[in-house]
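Notes for the one structure printed next.
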Amino acid sequence: VQLQASGGGSVETGGSLKLSCKTSGMIWSTFRFSRLGWHRQAPGKERELVADITSDGTATYQDSVKGRFTVSRDYAKRMGYLQMNSLEPEDTGVYYCNIKYESWHYWGEGTLVTVSS
């Protein structure tokens with residue numbers, strides 16, 4: 001199983017980006033009943049959970065991104081997304097997607113988001 005995050009880039013404050021998480025080698029039922037999360041790691045800081053979405057579509061967000069970020073998933077494509085609006089310099093970091101299914105945790109390579117003031 002492989003996960004690959006993409007869609008990062010450099011934007012100015014107030015800009016938007018949409019991240020995608022592509023899964024490879026994961027059977028549909030695993031993805032369907034998994035929990036998908038987006039984490040970020042800012043320079044010099046620990047990785048933190050930004051948003052996640054359960055198998056039934058319930059989304060939760062870190063307080064700092066509520067109202068600005070939207071997490072979603074496409075079961076048919078086995079992909080996850082993170083729409084990020086009104087970006088702030090504090091959102092800068094490497095973003096990773098994560099899949100949790102029962103006792104299994106899958107991580108992929110991240111994508112860098114840089115927000116300039």
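Do you know which residues across the range 83-108 are closer than 24 Å to Phe33 by Cβ, part of a strand (DSSP E or B) and either open to solvent by 10 Å² or more (accessible area, probe 1.4 Å) or at pLDDT below 95 (or both)?
Across the range 83-108, the qualifying residues are Gln83, Tyr96, Lys100, Tyr101, Trp104, His105, Tyr106, Trp107.
For the range 11-20: of the residues being in contact with a Phe, Trp or Tyr (Cβ under 7 Å, 6 or more places away or on another chain) and not hydroxyl-bearing (Ser, Thr, Tyr), which is farthest from Trp107 (Cα to Cα)?
By that ranking, first place goes to Lys18.
Could you tell me how many of the residues in the range 2-31 are within 17 Å of the chain's Cα centre (by Cα) and open to solvent by 70 Å² or more (accessible area, probe 1.4 Å)?
Total satisfying the criteria: 5.
For residues that are open to solvent by 40 Å² or more (accessible area, probe 1.4 Å) and basic (Lys, Arg), scanning just the range 32-42, find the one that is modelled with the lowest pLDDT.
Arg32
Tell me which residues, restricted to the range 43-82, are touching a residue at least 24 places away in the same chain (Cβ under 8 Å), open to solvent by less than 30 Å² (accessible area, probe 1.4 Å) and more than 18 Å from Gly7 (Cβ to Cβ).
Listed by number, the list is empty, since nothing qualifies.
Within the set of pairs 6 or more residues apart or between chains, which connect a residue that is of a type in the set (S, T, N, Q) inside the range 87-108 to a residue that is open to solvent by 40 Å² or more (accessible area, probe 1.4 Å) and part of a strand (DSSP E or B) with Cβ atoms less than 6 Å apart?
Every condition considered, the pairs that remain are Thr92/Thr114; Asn98/Trp107.
The values are calculated or read from the model by the stated rules, or taken from the named source; none is laboratory data. Quick caveat, the model's predicted, so the values are computed rather than measured. Virtual Cβ from ideal backbone geometry, glycine too; neighbours counted across all protein chains shown. The accessibility values were calculated without ligands, DNA or RNA, using every heavy atom of the protein model including side chains. Shrake-Rupley method; radii C 1.70, N 1.55, O 1.52, S 1.80 Å.
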